[in-house]
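Here's the structure we're looking at; comments come further down.
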Amino acid sequence: MLATSFSDLHIEGGRIFMYPLSIMALLNILIIAFIIFSLVKKNVINPKWLESIKQIGGLAAAWGTWSTIYGLFNIFKAIESSDESFPIQVIAGGLQTALITIIYGVLIFCISMLAYIALKLTASNKHT
């Protein structure tokens, strides 16, 4: 069953995996907003803030990947230990659910990298 809301994705993807990803996304949004606010006020941007956007995005991609691999491991373990055969639709649904975390992690990573590039170019143009 396809998730219809953000909270459904958190439940289907596993709260223990999705909440850290949401915290990373929120943290990056706050850092991006802080940098934009600082640029508007024409303050000097510490390069560590820009680097943190990139690092948090990378961590989100890694966490999403790890979570997916962990989920797949558990799916295959359950299938292997079962005495009954499962229809392909059940297996496909489990695989789809396992991929939620990697999609979310990579989405956070892509947004982080786009923001990093745009803010780095903007910050360097203001100081040249």
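Overview of results
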{"quantity": "Non-local Lys pairs in the chain, i.e. 8 or more apart or on different chains, that have alpha carbons under 12 Å apart", "calculated": "4"}
{"quantity": "For the chain: span of alpha carbons on each principal axis (Å, largest first)", "calculated": "67, 24, 20"}
{"quantity": "The chain, relative contact order [Cα under 8 Å, separation at least 6], %", "calculated": "37 percent"}
{"quantity": "Kirkwood Rh in Å, taken over the range 57-128 so that all alpha-carbon pairs contribute", "calculated": "14.4 Å"}
{"quantity": "Label point distance in nm, ILE91-ILE79, each placed 7 Å from Cα along Cα→Cβ", "calculated": "0.4 nm"}
{"quantity": "Per residue, the convex hull volume that the Cα atoms of the range 29-90 enclose (Å³)", "calculated": "89 Å³"}
{"quantity": "DSSP H segments from the chain that extend 27 Å or more along their own axis, Cα-based, with Kyte-Doolittle mean of 0.0 or above", "calculated": "15-40, 47-81, 100-126"}
{"quantity": "The range 27-49 versus the range 59-128: alpha-carbon centroid distance in Å", "calculated": "27 Å"}
{"quantity": "Binned Cα-Cα distances of the range 77-119, short to long, each 10 Å bin given as a whole percent", "calculated": "23, 31, 20, 15, 9, 1"}
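Quick note: the coordinates plus some simple rules give every number you see, no bench work behind them. Since the structure is predicted, the reported quantities are computational estimates derived from the model, not experimental observations. Cβ: placed from backbone, ideal geometry, glycine included. Neighbour counts: every protein chain shown.
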